[in-house]
Amino acid sequence: MTAYPRQPNSLVQLLREAQAKHGWLPRPLLARLAGELGLSLAHVEGVASFYRFFHLQPVGRYRLLFSDNITDRMLGNQALMADLCARLGVQPGVMRSDGRVSVATASCTGLGDQGPALLVNHHQVVTRLDAQRVARIAELVEADVPPAQWPAEWSVVDDNIRRADVLLGSTLAPGEALAAASARGAEGTLEEVKRSNLRGRGGAGFATGTKWDLCRQAPGEQRVVVCNADEGEPGTFKDRVLLTRHADLVFEGMTVAALAIGATQGFVYLRGEYRYLLDHLEAVLQRRRHANLLGANILGRAGFDFDITIHLGAGAYVCGEESALIESLEGQRGTPRIRPPFPVEQGYLGRPTSVNNVETFCAAAHIALRGSTWWAGLGTPKSTGTKIHSISGDCARPGLYEYPFGTRVETMLVDCGARDTQAVQVGGPSGSCLSVSEFGRRICFEDVPTAGALMVFDRSRDMFEVARNFAQFFAHESCGFCTPCRVGTELVVRRMDKLAAGRGSRHDVEVLYELDKLMHGATHCGLGGAACNPLRDTIAKFRPSYERRLKSLHFVPGFDLDAELSEARAATGRDDAGAHLESSHE
Ligand SMILES: Cc1cc2nc3c(=O)[nH]c(=O)nc-3n(C[C@H](O)[C@H](O)[C@H](O)COP(=O)(O)O)c2cc1C
Ligand code: SF4
């Protein structure tokens, strides 16, 4: 297990360790840590308070977090949570008076193929919750049985690989790709990755070879390779499986990147929800060190020194954004940085840093071994290779499906056993919502891009409730740094709650449109920019699900124009925000 140096850069990891020991983070403990690290107490408290998995107030010894993605809701998580709360005599989000237990919700825990899911004390999962499991959990908590002694089968996480292609369907021997890369040399490897036209799998699709080259060329003494395993986009769980089954391949791809870039330091930023994978990943790293696949003079190549440290996140979706991730790696709050400079120029501790997705590294390892021509022969000209999709929701066979880029949505729906589908959400809440007429579209950067989630909704689902769940997600995960996102995401939720309660009017729908427009150009990072995507798509494509909630088209009891306007202005920082409201009420 990694021993984190007791220095300010390790603050997030040291807070994790302290909380694991004490259950929560009392002030005197934070003060001691601040003193030891030469930081102010205000700074340490500021960092700790940023992350949802850190508790500055006492929490129950059993901390039970229900995953609250829309797919968990479709599987009945809300009723199960209400049942558990009733059995334990506890209010959601409030510690029981005897200090034994607290129950709350968390954003998607990356188990959409086997939900509803529960996270216990931030390090153990329970999958496939049902009424019997809930009843038994209540008994175990009351009998004070430690989670480690709960039935082992509850914590089994299946890989659910349903369609494997080149990445999921083959296993490389550890060191095989690295040896090929070493034989080609650093520049040869970089050229090979460039020629393959591999594009990043984290969402934006930036050319991997170009990113590595920028990092290699940037001035600096030390270079850094970071594997982004934050996988916070609701509905995405492919990286979980890659890390479980193909950890060697992930680390191999990172080491290939280190060779190409000239990096000496590597990090895996592993989301806190995947804490249960940590021991396995550390064991694989250790094996690779013993096999001289990490460490000094890797594979006997003089001067090829590289090692990898795992850094655990603590429940903040925004830390998947690469500059926020780097802040977190440095022991800070996960606030996205102003760019430029980009991480490839000045990243971790000011060093040139390449941040890539887990799947990108797997693809790079395969390219190092099999070559760019082979890879570029798969997929489409602008989206080479294959893509792994996490499919969940209304389908008979949820799980992982790997297809060449360019595959049509309808093919995927048939393969996963979806019936009577009315919509698919591609790329998670930040992505796009497709209706039936669009199922012939193809998944690729030229048509429908994706980071790897595909959630299926049949005709029994209320698309307004889907969009509302996503709106709640963004409001919950906004880091609060910039006003348009902090206030805007809250206003969206309030508007949707009002519509859900049957108290909304057409004005509310207009305000939602307005907020979408204003947030798009005004937010500091991609989270705020994407926050209204589901709203826009569902209003445009599933308008009846909004309209049947409208109370009145003209007279709206309780409609307070001044309050509406000041809210919209506060949200956007623009004086003209909400002008349409004035004209419509004149
Ligand atoms: C709010 C937000 C969350 C993100 N979360 C992730 C994530 O969990 N995993 C990921 O690989 N990229 C995520 N990204 C994209 C990263 O910023 C970055 O583009 C990516 O890690 C680069 O890797 P790639 O070049 O291999 O795609 C996120 C971006 C935003 C704006
Ligand atoms: S857009 Fe949202 S998540 Fe991004 S920096 Fe602003 S407040 Fe934070």
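Figures for the structure shown
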read-out: Of residues in the range 489-521 being in contact with a Ser or Thr (Cβ under 6 Å, 6 or more places away or on another chain) and in a helix (DSSP H, G or I), the one farthest from ligand 1 (Cβ to nearest atom); value: L518
read-out: Subset tally (residues that are open to solvent by 30 Å² or more (accessible area, probe 1.4 Å) and over 16 Å from T538 (Cα atoms)) for the range 483-501; value: 7
read-out: Residues of the range 440-465 classified as farther than 22 Å from G205 by Cα and either open to solvent by less than 20 Å² (accessible area, probe 1.4 Å) or in a helix (DSSP H, G or I) (or both), total; value: 5
read-out: Some residue of the range 402-417 being in the same structural domain as A257 (by TED's automatic domain parsing), in a loop (DSSP other than H, G, I, E, B) and either out of contact with any helix residue (DSSP H, G or I) (no Cβ under 8 Å at 6 or more places or on another chain) or away from ligand 2 (no atom under 16 Å from the Cβ) (or both); value: no
read-out: Test result for A418, open to solvent by 10 Å² or more (accessible area, probe 1.4 Å) and either closer than 23 Å to L242 by Cα or of a type in the set (D, E, K, R) (or both); value: no
read-out: Elements of type helices (runs of 4 or more DSSP H) in the range 157-267, at least 2 residues being away from ligand 1 (no atom under 16 Å from the Cβ) and under 30 Å from M74 (Cβ atoms); value: 238-245
read-out: Filtered residue count, the range 18-46, keeping only those that are under 22 Å from S102 (Cβ atoms) and either at pLDDT 95 or above or in contact with a Cys (Cβ under 9 Å, 6 or more places away or on another chain) (or both); value: 10
read-out: Qualifying positions in the range 132-150 - open to solvent by 50 Å² or more (accessible area, probe 1.4 Å) and not charged (D, E, K, R); value: Q132, A143, P146, A148, Q149
read-out: Qualifying residues in the range 108-128 (those that are out of contact with any Ser or Thr (no Cβ under 8 Å at 6 or more places or on another chain) and open to solvent by 10 Å² or more (accessible area, probe 1.4 Å)) - the one farthest from L64 (Cα to Cα); value: R128
read-out: Selection status of Y317, within 14 Å of ligand 1 (Cβ to nearest atom), open to solvent by 10 Å² or more (accessible area, probe 1.4 Å) and modelled with pLDDT of 95 or more; value: yes
read-out: Residue selected from the range 506-550 under the condition acidic (D, E) and open to solvent by 30 Å² or more (accessible area, probe 1.4 Å), by the criterion nearest to T489 (Cα to Cα); value: E514
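The values are calculated or read from the model by the stated rules, or taken from the named source; none is laboratory data. None of these values were measured; they are calculated from a predicted model. Backbone-built Cβ (ideal geometry, glycine too); neighbour counts: all protein chains shown. In case anyone asks, the SASA skips ligands and DNA or RNA and just uses the protein heavy atoms, side chains included. Shrake-Rupley method; radii C 1.70, N 1.55, O 1.52, S 1.80 Å.
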